[in-house]
Amino acid sequence: MAESGAGTAAQAGERESRNGGDPRDLGADAFGRPSLLRRFFDEVQNRLTADLDDRDPDFIRENLSLSWLIASIWFRGEVRGMERIPEEGPVLLVGNHSGGTVTPDTIVFTLAFNTYFGVERPFYQLAHNLVLTSPVGPYLRRFGTVAASHENARKALDAGAAVLVYPGGDWEVNRPSWEANRIDFAGRSGFVKLALDAGVQIVPVVSIGGQETAIFLTHGERLAKLLRLDRLLRLKTLPVNLSLPWVVNVGDFLGHLPLPAKITVQVMEPIDLRERYGPNPSREQVYADITSLMQDQLTELAAERRLPIVG
Amino acid sequence: MRIEQKVTVDAPRRLVWDYVTEPANYPVFIEGLTRWDVAGDKHTGLGARYRMLIRVGAADVGGLIEIVEWQPEGDMAWSSVTGVDQRGRWRLRELGDGRTRVNFRFAYGVAGGGIPGLIAERVAAPSLSRRFRLSLLNLKRAVEEQAVAASA
């Protein structure tokens with residue numbers, strides 16, 4: 001941990017240097033203090049930079065009870081196959097993602113990982129920038145959530161941690177309810193490159209139930225275009241769902257109260273890419289194979305499910 | 001939170017002691033236990049460590065535990081090293097007619113868990129209590145079968 005502590009100081013210095021350090025860069029008030037704008041940008045920058053030391057095992061441990069209550073009572077979570085995850089060392093956990101901006105699969109799986117391996121095992125989750133800059137961002141960072149980027153993930157894997165990535169991310173969580181049982185990574189194959197670069201195994205993690213926590217209607221691509229959000233705010237989608245308490249929820253920016261759908265998570269066998277595909281695997285081939293394997297697993301989980309929400 | 005279960009076993013204390021101190025038996029007779037692996041070189045006795053997990057609600061909960069008390073054919077107690085705070089104790093007492101009184105105590109919680117921690121402990125209690133009751137019945141059945149086999 002001492003080494004990590006040294007890392008923090010170095011990273012803080014690095015950040016300061018990258019941000020310019022000098023408050024005059026973005027303006028200062030009459031007393032030479034950084035301006036509000038400067039402080040805002042600094043805060044955003046800080047939240048998006050992966051400082052692995054922000055993960056706080058004691059904090060996680062003390063908050064597991066709340067996660068356990070939510071996962072056990074509200075979502076009746078069931079996680080199978082945790083023993084398939086290598087006992088130690090870096091590993092890339094690749095999951096499908098559901099539930100709009102409130103993603104129960106993350107709550108259930110993060111709890112399962114932390115209780116199964118103990119909070120002592122370093123475990124990071126990659127999340128969209130919007131999540132980390134939101135008010136819950138600082139809370140999540142202590143849980144080990146870092147902004148989704150190749151650099152951040154590499155940093156965590158190189159440090160020997162387990163990393164959870166949802167390649168479909170913000171796209172997949174808003175897929176319409178009638179596509180609930182479909183793996184949709186939208187062609188994002190960066191996770192394959194990440195696993196190859198870092199030389200780590202991939203463990204697919206397939207969950208079901210998250211897309212039953214609301215009625216998801218559309219990604220809202222046309223709506224975003226119609227409202228010119230793509231030009232004004234660079235928003236290519238504006239998802240729409242029917243959920244509590246808003247009823248019609250456009251954008252899902254404030255989240256929603258998820259319906260108590262049963263969440264089942266299945267951990268699959270680890271895949272060593274070079275062992276299976278040779279020294280130079282084709283990224284497209286690996287992507288196609290892994291998404292296909294995960295689709296088969298999701299279809300199997302869907303076949304087990306008798307009723308929506310009830311499970 | 002503390003749970004206590006008792007059972008009377010129609011077998012000598014030594015047989016019960018041998019059964020509850022053998023780590024390989026735990027996944028067999030403890031209901032809901034998903035793991036009870038020896039961690040380290042010591043198989044049993046004071047200082048032996050085990051990595052244990054028990055399914056509670058949505059998660060496998062447990063951690064690394066260590067045997068902290070060892071009075072042969074009497075008491076064996078463990079305490080958590082990592083994971084959820086826990087203490088467990090087997091307390092065996094001879095009843096004089098070849099039978100053995102078995103007490104199992106299990107205390108658990110999360111220091112610093114606050115109100116959610118207190119609620120979680122209470123929510124988990126009925127399910128854990130039921131499992132330990134069944135586990136003691138499993139123990140009774142297994143040891144009594146051994147006793148019959150030994151006397152035959």
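Table for the structure above
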{"quantity": "Most mobile of A:Lys225, A:Lys193, A:Lys155 in a GNM of chain A (Cα contacts under 10 Å)", "calculated": "A:Lys225"}
{"quantity": "Helical contribution to [θ] at 222 nm, DSSP H n ≥ 4, -39,500 (n - 2.57), averaged over the protein assembly as shown, rounded to 500", "calculated": "-12000 deg cm²/dmol"}
{"quantity": "Eligible lysines near A:Lys236 by straight Cα distance, threshold 30 Å, same-chain separation 8 or greater", "calculated": "A:Lys155, A:Lys193, A:Lys225"}
{"quantity": "Estimated distance in nm for a label pair at B:Arg122 and A:Trp246, the labels positioned 7 Å out from Cα along Cα-to-Cβ", "calculated": "3.5 nm"}
{"quantity": "Largest to smallest principal axis extent of the C-alpha atoms in the range B:1-74, angstrom", "calculated": "38, 30, 24"}
{"quantity": "Cα lying deepest toward the dipole's positive end in chain A, options A:Met82, A:Ala127, A:Ser177, charges on Cβ", "calculated": "A:Ser177"}
{"quantity": "Sequence-distant lysines (8 or more away, or on other chains) whose Cα lies within less than 27 Å of B:Lys6", "calculated": "B:Lys140"}
{"quantity": "Label-to-label distance, nm, for residues given as A:Leu233 and A:Val136 (7 Å Cα→Cβ offset)", "calculated": "1.9 nm"}
{"quantity": "Size of electric dipole in chain A: Cβ of Lys, Arg +1 and of Asp, Glu -1, about Cα centre, debye, nearest 20", "calculated": "960 debye"}
{"quantity": "Counted charge near A:Ala302, where neighbours are those whose Cβ lies closer than 12 Å (Asp, Glu -1; Lys, Arg +1)", "calculated": "-2"}
{"quantity": "For the protein assembly as shown, with +1 on Lys and Arg beta carbons and -1 on Asp and Glu, the positive-most of B:Thr21, A:Ala302, B:Val38 along the dipole", "calculated": "A:Ala302"}
{"quantity": "Karplus-derived 3J(HN,Hα), 6.51/-1.76/1.60, for each residue of the range A:63-74, Hz, glycine and proline x", "calculated": "9, 5, 4, 5, 4, 5, 4, 5, 5, 7, 8, 6"}
{"quantity": "Residue among A:Leu293, A:Leu93, A:Leu164 with the largest mean-square fluctuation in a Gaussian network model of chain A, springs linking Cα atoms under 10 Å", "calculated": "A:Leu293"}
{"quantity": "Which of A:Ser65, A:Gly251, B:Gly109, positive extreme of dipole for the protein assembly as shown (C-beta unit charges)", "calculated": "A:Gly251"}
{"quantity": "Rounded to the nearest 20 debye, dipole of the range A:106-172 from Cβ charges on Lys, Arg, Asp, Glu", "calculated": "180 debye"}
{"quantity": "Within a Gaussian network of chain A (alpha carbon springs, distance under 10 Å), most fluctuating of A:Arg234, A:Arg274, A:Arg175", "calculated": "A:Arg234"}
{"quantity": "3J(HN,Hα) from dihedral phi, the range B:129-143, Karplus parametrisation 6.51/-1.76/1.60, rounded to Hz, x for glycine, proline", "calculated": "4, 4, 5, 5, 5, 5, 5, 5, 5, 4, 4, 4, 4, 5, 6"}
{"quantity": "Distribution of pairwise C-alpha distances over chain A, 20 Å bins, in %", "calculated": "31, 58, 11, 0"}
{"quantity": "In Hz, Karplus ³J(HN,Hα) per residue of the range A:107-124 (6.51, -1.76, 1.60; θ = phi - 60°; x = Gly, Pro)", "calculated": "4, 5, 6, 4, 4, 4, 5, 5, 7, 6, 9, x, 5, 5, 7, x, 9, 10"}
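Any read-out appearing in this document is the output of simple, stated calculations on the displayed coordinates, not a laboratory observation. Small disclaimer: the values here were computed from a predicted structure and weren't measured. In this analysis, Cβ positions are derived from the backbone assuming ideal geometry, glycine residues included, and neighbour counts consider all displayed protein chains.
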